[in-house]
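Here is the structure we will look at, set down as structure tokens.
No value in this document is a laboratory result; all are computed from the given coordinates. Predicted model only: the values in this text are computed from it and were never measured. No Cβ is skipped: glycine too gets one built from the backbone with ideal geometry, and neighbour counts run over all protein chains shown.
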Amino acid sequence: MSALYRSAAGEARVRDRYRALLDAWPVPRDERVVATREGDTFVVVSGPAGAPPLVLLHGSGSNSAMWTAEIAAWAPHFRIYAIDLIGDPGFSAPSRPRLDSGAYGPWLADVLDGLSLAAVSLVGTSLGGWLALEFAIQNPQRVTRLVLLAPGGVGRQRPSFLFRVVPLLLLGAWGRSRALAITSGPAGADPGGVRSRYLDFLSVVQQEFRRRMDPLPIFADTALRHLGMPVLALVGARDVILDSAETQRRLRACAARAEVESIAEGGHALSGCADRILRFLRN
């Protein structure tokens, strides 16, 4: 059993539910495992071979299943590589270096090298947005376009949300569902029930998985000024986890080619943005 889980049975339960979500992936896919300095990394590959490469980085406590609602819109135009982050409830290695260790950028470089990708567009959300920023700051020549969805590392984390959410996690299924609703934000349209099935999976993760506890490091202004590539940053005006106003202000001030937009009804888990992101990526 991996130390990331509360029990062997819980780990099996999460993995089985993830496999079921992958089996419902809405477009043809391949699965690859890439060897890295932090252990094996699992990647879901979709889209036509030879199309421009697009790498997707999910948020903390999740995996590549979070892209199920967007993948059908993007796959006709890109060769997409959805990467399971190490140390999260996917199929990658349980390695979990501290976020301030400097280990994550080199790990992602190993993944891209293993996939023979010299330069890519990156889409990252929350922790994945933080990782996309770290990699783009360290390796600007390898990132052609950068999309950040409620990214960590720019606006400060709001400690108040813990006081709202943690007590709910002690109240069984109802409490876990309420906690997810608070952290994710207002629900948008859910064609085919894709979002509902994913949130059901996250409820299982909440029960069985030990989340990261170290804080997201905040990037200095000098680091953010290394972002010379086109950047699209989308934040939720109702984000209870991150200070989205500060995220907007700092990216506008520091990233010369950034388009920064606030979603009025958006929370931390932004949905319904696939078409806006596609327009940016294809521009």
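The table for this structure:
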quantity: Fewest-first sequence of I241, I71 by Cβ atoms within 10 Å of each Cβ; calculated: I71, I241
quantity: Burial ordering of L112, L21, L57, fewest other beta-carbon atoms within 10 Å first; calculated: L21, L112, L57
quantity: Student exercise, the chain dipole from Lys, Arg, Asp, Glu Cβ charges, in Debye to nearest 20; calculated: 380 debye
quantity: Residues with amide H under 5 Å from that of V120, placed H, sequence gap 5 or more; calculated: V143, T144
quantity: Simple spin-label estimate for Q207 and A220 in nanometres, 7 Å along Cα-Cβ; calculated: 4.6 nm
quantity: Max mean-square fluctuation residue, GNM over the chain, Cα-Cα springs under 10 Å, options L131, L224, L56; calculated: L224
quantity: Amide H contacts under 5 Å for G236, placed H, 5+ residues apart; calculated: A150, I263
quantity: Rounded to whole Hz, the Karplus (6.51, -1.76, 1.60) HN-Hα couplings of the stretch 91-105, x for glycine and proline; calculated: 9, 8, 4, x, 4, 9, x, 4, 5, 8, 7, x, 7, 6, x
quantity: Computed over the stretch 8-282: relative contact order in percent, which uses C-alpha pairs under 8 Å that are six or more apart; calculated: 19 percent
quantity: J(HN,Hα) series, the stretch 72-87, from Karplus relation 6.51 cos²θ - 1.76 cosθ + 1.60, nearest Hz, glycine and proline x; calculated: 5, 6, 8, 4, x, 10, 9, 8, 9, 10, 8, 9, 7, 5, 4, x
quantity: Whole-Å semi-axes of the ellipsoid equivalent to the chain (Cα gyration tensor, √5λ, descending); calculated: 25, 23, 19
quantity: Where labels lie 7 Å past Cα in the beta-carbon direction, separation of R19 and D113 in nm; calculated: 3.2 nm
quantity: For W25, distant residues with modelled amide H under 5 Å away; calculated: none
quantity: Rounded if a/c under 1.5, otherwise prolate or oblate - the stretch 185-283, Cα gyration tensor axes; calculated: oblate
quantity: In Hz, Karplus ³J(HN,Hα) per residue of the stretch 11-17 (6.51, -1.76, 1.60; θ = phi - 60°; x = Gly, Pro); calculated: 4, 4, 5, 5, 5, 5, 5
quantity: Computed lengthening from V45 to A256, 0.36 nm per intervening residue step minus Cα-Cα distance; calculated: 72.8 nm
quantity: Length released on extending from A8 to V27, taking residue separation times 0.36 nm less the Cα-Cα span; calculated: 3.7 nm
quantity: The stretch 1-154, relative contact order [Cα under 8 Å, separation at least 6], %; calculated: 22 percent
